[in-house]
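Beneath this line is the structure, given in C-alpha cells, with notes to follow.
Derivation of every value follows stated rules applied to the coordinates shown; laboratory data play no part. Fair warning: this is a prediction, and the values are worked out from it, not measured in the lab. A quick note on method: Cβ atoms are made from the backbone with ideal geometry, for glycine too, and the neighbour counts reach across all protein chains shown.
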C-alpha cells in the first residue's frame, strides 16, 4: 500500500536508500547533496539500517571507499554535487572500467567558477563520458522512484556498470512536494539481495580488480564496457515495467508529453520540464501543436528512439542546462542533433543554453521558445542555431 508524504527530493532519496539498506555508504558533505548522507546517518544511528556508514575526508575518498566496498562484494554508494563530483573524477573512470555496479546520488549544481551553489547540469554533463549510466528526474517523485530502480539496473548481469541518479539542486533537492512512498517490504522485495558472482573476498574464485592493462588488453576492456552499455536501455525498460507493477507509475527512456500531433517540440532534462509542460498546456488551449521530449536516460543516449519520437516535428529546440564550449551549443544539443542527422530528419533544430547557475526558467520563457520555433517554420530557416535564453547581453 503506497503512503503519501510531503518530502524534499533529498529526503525522498534518503528514504529510498533506507528501504534498500545498502551495505556501505561512505560520504563527504557538499551543498546541495549534504542532506542525503545527513538523513541517512540518522537512520544508521537509530538502527534503521545495517549499513556501514563511513564519514570520510573528501569526495575522492568517498568514491574510493565505495569502489573498494563494491569490489569486495558489497552493495555500495555515495552522494555528491558539483566540485565534489569533479574531485572524484579519477575514481569515476575506475568504477566504470572495473564494471562495479555502485550508485551515486548526484544533486546537480553548477561547477565553479565563478563560485555558484545553484542548479545547472555542468557537473554531470562533464562526467557524461566516464562510462556511468545517467538517469535524471523532473521532480521529487521521480528522484525517489529512480533511486529505487537504480541497483536493479546497474547490478543486472548484462550491465554491471555504476549508475548516477541525478536531480536538480535546490529546485527538487530542497523543495517539498507531495509524493507516494512504497512500503518498505515492497522495495526490499523489488530490489532484492545483492549476490555478486565475482568479488575480491570470494575465496572460491581468486581475482584482481583494476590491474595494470597492457596494450594487448586495454582496448578489449573498453569494448567490454561499451557492450555493457548496449544492454542498458532494454534493462531500464524491463526494470521500469516491473516497477510499474508495484507502484502504478510508468517510466521509459524518456517521456513524450503531448507529442501525438506536435509540429514544434522541446527536448530537455530535469525540473524545467515541468515549466515547459505548463507552457505547452497553455498553448494547446490556443490550438498550438506543441510538445515535449523529457530525457530520463541520458547515458547511454537513446538516439534512435528520440529521433523516432521527433520524426513528425517541423522544428525542435534542444535545451541544455550546461555549456559545452564547442561554439555550437551544449552536450544534449550535440547528441540530439547527431540523432536527427543519422535519421535524415528534415526538422529545423536549434540548441538553447538556459538556466545556468540557477537562472529562473518561467512559463513565459518557454512560450517564447515555441514562438521562436513557429517563426523558424514560417521563415523555413533556423537562423542562429546556438542561442542563450534569459541572458543580459
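List of remarks:
- Between 0 and 90°, nearest 10: helix 140-154 axis offset from the chain longest Cα axis: 50
- Likely footprinting exposure, 197, 393, fewest C-beta neighbours within 10 Å first: 393, 197
- Simple label model, 7 Å out from Cα along Cβ direction - residue 197 to residue 311, nm: 3.6
- DSSP beta bridges confined to segment 254-388 are antiparallel in about 15 percent of cases.
- Comparing 183, 204, 323 in a Gaussian network model of the chain where C-alpha atoms under 10 Å apart are linked, the largest mean-square fluctuation is found at 204.
- Rounded to 5, percent antiparallel among DSSP beta bridges of the chain: 25
- Span from the segment 12-69 Cα centroid across to the segment 256-327 one, whole angstrom: 35
- Sorted peptide list for 241-253, 104-116, criterion being average Cβ within 10 angstrom, highest first: 104-116, 241-253
- Sequence-separation-based contact order of segment 265-329, relative, with Cα cut under 8 Å and 6+ spacing, percent: 47
- Förster radius 22 Å - calculated FRET efficiency between residue 157 and residue 93, Cβ distance, rounded to 0.05: 0.45
- Take every pair of alpha-carbon atoms less than 8 Å apart whose residues are at least six positions apart; their mean separation over the length of segment 254-388 yields a relative contact order of 27 percent.
- Estimated purely from DSSP H runs of n ≥ 4, each contributing -39500 (n - 2.57), the mean residue ellipticity at 222 nm for the chain is -13000 deg cm²/dmol once divided by its residues.
- Cα-based shape type of segment 57-114, given that a ≥ b ≥ c are square roots of the gyration tensor eigenvalues and the cut on a/c is 1.5: prolate
- Simple spin-label estimate for residue 5 and residue 371 in nanometres, 7 Å along Cα-Cβ: 4.3
- Relative packing of 18-24, 277-283, which averages over residues the other C-beta atoms within 10 Å, highest first: 18-24, 277-283
- Per residue, the average separation of C-alpha pairs within less than 8 Å and at least 6 apart gives the chain a relative contact order of 16 percent.
- A Förster distance of 35 Å, applied to the separation of the beta-carbon atoms of residue 58 and residue 325, puts the FRET efficiency at 0.80.
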